[in-house]
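S.K.: Have a look at this one before I ask anything.
The values are calculated or read from the model by the stated rules, or taken from the named source; none is laboratory data. This is a predicted model, so every value here is computed, not measured. FYI the Cβ positions are ideal-geometry reconstructions off the backbone, even for glycines, and counts take in every protein chain you see.
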Amino acid sequence: MSPPLGDFMKIKGKKIEGPNVVIAVIPRQSGDIIFKAKAVLDYDKFDALCPTPEPPTVTKPGGVTFKDVENAKYKEAVMEWAQQKTAWMVLESLKATDDLEWETVDYGKPETWDNYTKELQSSGFSDPEIARLIDAVTAANGLSQEKIDEATNRFLAGQVEAQSE
């Protein structure tokens, strides 16, 4: 559930407002294509459309019951659910892109969510360009160790500079 608006935390008196946004620029001779990937803060819509799969319950002789997480159909359902969640996150994140329209993706129909890759390819985006776009979505929605290291190094460099003054 989304936090109430207006309740912002502060660090050193500065409000931390809004989710992370990462810009992905795809250079083209006809003009750069700009995508915006915004962190997804609320998965309620996804959860309503795609509930987490539940493993089947097995009853053993003697009445002992347990959840069969090794069940093949359950494992397959979890894999499909994870793929849908990833596709939904990509689409939800890219909604920040100005005037982005999909032809075959329907946000209310999970079976269409994977179509975004086909649409990107048929629009002329190469695999490395699509990977760049997915990297932007990933960066907006999480932190890689590389990003953490860069931020730590900036912080430490600022500490050294402050001490030398």
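S.K.: Could you list, ordered by first residue, the pairs with Cβ atoms under 6 Å in which the first is in the stretch 99-120 and more than 24 Å from Ile26 (Cα to Cα) and the second is of a type in the set (A, V, I, L, M, F, W, C), at least 6 apart or interchain?
M.R.: If the second residue must be of a type in the set (A, V, I, L, M, F, W, C), the pairs left are Pro110/Leu49; Pro110/Cys50; Thr112/Val105.
S.K.: Those residues that are surrounded by fewer than 11 Cβ atoms within 10 Å (Cβ to Cβ) and closer than 24 Å to Ala96 by Cα, I need them from the stretch 38-76; list them, please.
M.R.: Asp44, Ala48 - these are the residues of the stretch 38-76 that are surrounded by fewer than 11 Cβ atoms within 10 Å (Cβ to Cβ) and closer than 24 Å to Ala96 by Cα.
S.K.: Also: Going residue by residue through the stretch 55-68, is there one that turns out to be small (Gly, Ala, Ser), under 23 Å from the mean Cα position of the chain (by Cα) and farther than 20 Å from Thr138 by Cβ?
M.R.: No, because not a single residue in the stretch 55-68 is small (Gly, Ala, Ser), under 23 Å from the mean Cα position of the chain (by Cα) and farther than 20 Å from Thr138 by Cβ.
S.K.: Let me ask something additional. Mind checking whether some residue in the stretch 83-97 is at pLDDT 90 or above and more than 18 Å from Asp114 (Cβ to Cβ)?
M.R.: Yes; the residues of the stretch 83-97 include at least one that is at pLDDT 90 or above and more than 18 Å from Asp114 (Cβ to Cβ).
S.K.: Continuing with the same structure: Against the condition out of contact with any Phe, Trp or Tyr (no Cβ under 7 Å at 6 or more places or on another chain), modelled with pLDDT under 90, outside any helix (DSSP H, G or I) and among the aliphatic types (A, V, I, L, M), how does Leu143 come out, does it pass?
M.R.: yes
S.K.: If Met79 satisfies all but one of (1) more than 20 Å from the chain's Cα centre (by Cα); (2) exposed (fewer than 12 other Cβ atoms within 10 Å of the Cβ), what's the number of the condition it fails?
M.R.: Every listed condition holds for Met79 apart from (1).
S.K.: When only residues in the stretch 48-101 that are touching an Asp or Glu at 6+ places or on another chain (Cβ under 8 Å) and aliphatic (A, V, I, L, M) count, which is nearest to Ile34 (Cα to Cα)?
M.R.: Ala87
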